[in-house]
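Please read the structure below before turning to the comments.
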């Protein structure tokens with residue numbers, strides 16, 4: 001289960017103000033921050049079988065690695081995103097959705113979710129739904145008893161010839177209690193000009209596509 005809190009900056013210099021703040025710097029763990037260039041392409045069948053089943057599939061270039069991700073059964077509350085997630089590293093950027101089915105047979109898929117999605121997709125062709133391209137500055141934080149990864153993302157969302165700039169902060173719970181993650185978000189909202197972001201990058205891309213007249217993926 002992936003658990004992360006998404007926050008949106010209300011001011012252009014919001015990221016800089018947060019990073020330079022003494023309180024925030026006091027949360028940083030000794031490991032130095034890292035910056036990674038990311039490019040993701042989201043896929044679905046032409047008739048949107050994955051979207052209809054509340055699932056999303058992407059292949060993302062993360063630095064020099066290609067990571068395929070399947071996310072499903074998500075729920076959102078006050079910017080807190082929780083969903084099932086499966087990741088596979090692959091040699092290139094080809095969208096091989098059935099690789100998740102092959103992997104689940106080896107690793108176990110007790111709820112049958114991956115198998116169900118793989119059967120729904122079948123041998124249908126996967127088409128590009130949208131793309132994202134951004135720079136990620138990520139670092140580890142300690143807050144109360146929780147270990148949290150902070151990821152500052154800044155870049156572009158693209159779909160059907162339209163694009164929009166985005167900048168957000170993702171706080172992903174790595175270890176500890178989700179209540180500490182929620183409290184960290186509240187503390188940041190009190191100290192800085194940030195608000196919960198209820199939409200994932202994928203959802204915002206789909207909105208672009210709908211506004212451009214594309215089919216709902």
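The values are calculated or read from the model by the stated rules, or taken from the named source; none is laboratory data. A quick note: this is a predicted structure, and the numbers were derived from the prediction, not measured. Reconstructed Cβ throughout: ideal geometry from the backbone, glycine too, with neighbour counts over all protein chains shown.
The table below gives the values:
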quantity: Which numbered condition residue 115 misses (of (1) over 13 Å from the mean Cα position of the chain (by Cα); (2) under 22 Å from residue 173 (Cα atoms); (3) surrounded by 13 or more Cβ atoms within 10 Å (Cβ to Cβ)); calculated: (2)
quantity: From 40, 52, 72, residue being within 16 Å of the chain's Cα centre (by Cα), under 21 Å from residue 201 (Cα atoms) and either loosely packed, with under 14 Cβ neighbours inside 10 Å or modelled with pLDDT of 95 or more (or both); calculated: 40
quantity: Tally, over the range 28-78, of residues that are closer than 25 Å to residue 182 by Cβ and part of a strand (DSSP E or B); calculated: 10
quantity: Filter result for residue 185 (free of Cβ contacts under 8 Å to residues at least 40 places away in the same chain and under 20 Å from residue 27 (Cβ atoms)); calculated: no
quantity: Those residues of the range 190-214 which are under 23 Å from residue 15 (Cβ atoms) and not in a helix (DSSP H, G or I), in sequence order; calculated: 192, 193, 194, 195, 196, 197, 198, 199, 200
quantity: Checking residue 132 against (1) at pLDDT below 95; (2) within 17 Å of residue 70 (Cβ to Cβ), the condition it does not meet; calculated: (1)
quantity: Residue within the range 39-60 that is out of contact with any helix residue (DSSP H, G or I) (no Cβ under 9 Å at 6 or more places or on another chain) and farther than 21 Å from residue 127 by Cβ present; calculated: no
quantity: Some residue of the range 126-138 being free of Cβ contacts under 8 Å to residues at least 40 places away in the same chain and either surrounded by 14 or more Cβ atoms within 10 Å (Cβ to Cβ) or assigned to a strand (DSSP E or B) (or both); calculated: no
quantity: Residue match in the range 174-189 (condition: part of a helix (DSSP H, G or I), in contact with a helix residue (DSSP H, G or I) (Cβ under 7 Å, 6 or more places away or on another chain) and either at pLDDT 95 or above or under 25 Å from residue 85 (Cα atoms) (or both)); calculated: no
quantity: Failed condition for residue 148, given (1) under 27 Å from residue 46 (Cα atoms); (2) in contact (Cβ under 8 Å) with a residue 12 or more places away in the chain; (3) in a strand (DSSP E or B); calculated: (1)
